[in-house]
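The values are calculated or read from the model by the stated rules, or taken from the named source; none is laboratory data. Computed from a prediction, not measured in an experiment: that's the story for all the values here. So basically every Cβ, Gly included, is an ideal-geometry build from the backbone, and we count neighbours across all protein chains shown.
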Amino acid sequence: MDTEKFLTEFQDYLAPKLDVYEQAIYLYLVRHSRLIGKDETTVGFKSARKQLAFGIGKAGTPPSEGVCYEKVKSLNGKGYIKVLGTEHSGTRIHPYLPHEINGLIQAEKQEALQTLEEMDFFEVPENRELILEREGNKCFYCLTALNTNNYVIEHVLSRPQGDNSYRNVVASCRQCNNRKGSSDAQDYCRTLYRAGFITSTEFEERLSHLERLRNGDLKPELTAANKSPKRDTALPR
């Protein structure tokens, strides 16, 4: 079991679909089965509930045995675990890892992609920083090092023809933003090359990146806080 992969997928895809009781029980089941190389575990919640998460229940007590079995039934119904049967020592359960759950990660990625296409990466401050991160904290054009204090978001195709999508905005230094103006991005990169600001290799890379940008290949990486379009925090036009 790849523990890092599991924790990432659990936090990003599965945990948001579970309440705190379900999260505690699911992690307990994984801890006592998949994490140690077993496919299943047998649990008696009369005693195990005290090890789940102290303070999760009412008034700082562990969840009741009844609540534990209710949440196991819920997890089983959602397809996140499989109850294999019961025996004298408890309930036999096989927990599925996030990537084994049908449709979980694929559906979440599709939802994130749809959200990405709707997002405004020029007006919304949180989204602007994602473009800076995508560019590796460098000016898209001249490759000068940037930080959150000295960058601007530049339209590759100037408005009103261009939009504020991730396909049409890049992080830029202020000098390139001013010099480029509304000129064609390829022509501006050629100007930088002829003036000696970038090498021939860097010039070819800039042209390739512009093509990938137009094709939607340079997607910014969304965080949980950025997965919903924000309209109420926009900067004034």
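Below are the figures for this structure:
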{"read-out": "Which listed residue is under 20 Å from the mean Cα position of the chain (by Cα), exposed (fewer than 15 other Cβ atoms within 10 Å of the Cβ) and either modelled with pLDDT of 90 or more or assigned by TED's automatic domain parsing to the domain that holds Asp12 (or both), from Gly216, Gly196", "value": "Gly216"}
{"read-out": "Selected residue [closer than 30 Å to Tyr13 by Cα, of a type in the set (Ser, Thr, Tyr) and touching a residue at least 40 places away in the same chain (Cβ under 8 Å)] from Tyr141, Tyr188, Tyr166", "value": "Tyr166"}
{"read-out": "All helices (runs of 4 or more DSSP H) inside region 98-187 with 1 or more residues being within 22 Å of the chain's Cα centre (by Cα)", "value": "104-118, 125-134"}
{"read-out": "Candidate set: region 2-34, residues that are touching a Ser or Thr at 6+ places or on another chain (Cβ under 7 Å) and without any contact (Cβ under 8 Å) to a residue 60 or more places away in the chain; chosen: the one farthest from Val72 (Cα to Cα)", "value": "His32"}
{"read-out": "Among residues of region 116-165, those that are small (Gly, Ala, Ser) and more than 16 Å from Gly216 (Cα to Cα), counted", "value": "3"}
{"read-out": "Tally, over region 74-109, of residues that are touching a strand residue (DSSP E or B) at 6+ places or on another chain (Cβ under 8 Å) and either touching a residue at least 24 places away in the same chain (Cβ under 8 Å) or of a type outside the set (Gly, Ala, Ser) (or both)", "value": "17"}
